[in-house]
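Engineer: Handing you a structure now.
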């Protein structure tokens, strides 16, 4: 028997007069351009166009997703969502798969073209007991692109399968509509079910958590973090639902703890690369707590590596130094020379920020010696990015922090040449770094050429950190537009930012 909808017909569409008034005399297309520009100002990506504006004003979107909410609050900081004509998220229901004449507007979410989440059919419990139990969603489809009505491809398709499958396993209401809240804290807000109602968690669920970690890293390597942060947070909460509310054996618990910890690190890194530095810290703290409770020194070393990087970018060199050294202590017995090399590079970077050239040089020498011992079976899976290119790029940043821009430029150029094509985001990062270093040594034309190349990659790479580096380079070059290469860079950069 097909599931039936209860509760009567959905409310009729009500035009959003507030948003129409805010648009004023602008055309929908011009208004959409303003929305996209505001999104870039806060490091957000939305695919706003005239059609989206029309849907909002027509009342078809009663509650925008969290990306648009952040943008609208940035544009009108004194207005609430209600002032903007939107309904609270909790009062808005999702469209069912078969949209009929009584189906009203719903929350803008990650629905695919057939009304299902892109990762698989919804597992929200049916209102008809005869319909049978919900079916767990399949693995997320990271290549499928649904219809253009939804906001952003990755917001529609990335990792919906993980939270939905967890909900099906545990019998909780964790449909994408209810899982869409941004990750204010890693722990789930769902109440734990009674012990008698807990579901068995096995290999399939653990494999899903581990695959979610891999998928996040693969997408981040290719394009950067900006569009992934909130959705990765959904998967993190789902992992903690499994860990806190499931029933499992000791081996499954060990894998779940590591998977949840690695997810927390991934979400923290996505926040870092999106220039949400303060947002990253609680995720790393959660991962460290998980590592300590499970006595997982490999996970602990990973947390310290990322925490040191975060502290460096936050302007906290002493903290960067302490966490890098703590990471080395945690990794000492793991048998991975490459991991120790990376953590020693983190230490070198901290010494560079502290202006201690001798200590930085010694740390760099140790990092290279460790790296040259070669890969080991014990090398963590997450270190796939760490090769000769990353080694050169990290050294370049050290010399740049010490003001030795000639040496920094040489190593940054080597990093660009050595980088594997898969790591698109890192290649863009090294090119942006090279532009900065050439500018530091007074090579205006060279800095502009590299800057132009990096700007050309912004359509593919979504990293607020890289955009910030290019914005800084552009600001420093604006007084030198008489140089042809500088003029071309500024025209390209300004045109890209305004698009």
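Engineer: Inspect all residues belonging to region 91-114 and state whether any of them is in contact with a helix residue (DSSP H, G or I) (Cβ under 6 Å, 6 or more places away or on another chain), part of a loop (DSSP other than H, G, I, E, B), crowded, with 20+ Cβ neighbours inside 10 Å and at pLDDT 85 or above.
Structural biologist: no
Engineer: Moving on to the next point. Which condition breaks for residue 259 when tested against (1) surrounded by fewer than 19 Cβ atoms within 10 Å (Cβ to Cβ); (2) assigned by TED's automatic domain parsing to the domain that holds residue 205?
Structural biologist: (1)
Engineer: Select from region 369-382 the residues that are in a helix (DSSP H, G or I), free of Cβ contacts under 8 Å to residues at least 60 places away in the same chain and surrounded by 15 or more Cβ atoms within 10 Å (Cβ to Cβ) and write down the one among them that is farthest from the chain's Cα centre (by Cα).
Structural biologist: Checking each candidate, the answer is 370.
Engineer: List pairs: first in region 189-214 and on the phi > 0 side of the Ramachandran plot, second modelled with pLDDT under 80, Cβ under 9 Å, 6+ apart or cross-chain?
Structural biologist: Within 9 Å, no pair qualifies.
Engineer: Applying the selection to region 443-499, what residues are over 17 Å from residue 433 (Cβ atoms) and under 26 Å from the mean Cα position of the chain (by Cα)? Give the steps one after another, and end with the answer.
Structural biologist: Of region 443-499, the ones over 17 Å from residue 433 (Cβ atoms) are 445, 459-460, 462, 478-488, 490-492, 494-499.
Those that are over 17 Å from residue 433 (Cβ atoms) and under 26 Å from the mean Cα position of the chain (by Cα): 459, 460, 462, 494, 495, 496, 497, 498, 499.
Engineer: Taking only region 297-335 into account, find how many residues are assigned to a loop (DSSP other than H, G, I, E, B) and either surrounded by 20 or more Cβ atoms within 10 Å (Cβ to Cβ) or in contact with a strand residue (DSSP E or B) (Cβ under 7 Å, 6 or more places away or on another chain) (or both).
Structural biologist: Taking region 297-335 first, the residues assigned to a loop (DSSP other than H, G, I, E, B) are 314-316, 332-335.
Next cut, either surrounded by 20 or more Cβ atoms within 10 Å (Cβ to Cβ) or in contact with a strand residue (DSSP E or B) (Cβ under 7 Å, 6 or more places away or on another chain) (or both) only: none.
Of the residues in that region, 0 qualify.
Engineer: Can you find a residue in region 419-434 that is modelled with pLDDT under 95, assigned to a helix (DSSP H, G or I) and surrounded by fewer than 19 Cβ atoms within 10 Å (Cβ to Cβ)?
Structural biologist: yes
The values are calculated or read from the model by the stated rules, or taken from the named source; none is laboratory data. Keep in mind the model is a prediction, meaning the values are calculated, not measured. Virtual Cβ from ideal backbone geometry, glycine too; neighbours counted across all protein chains shown.
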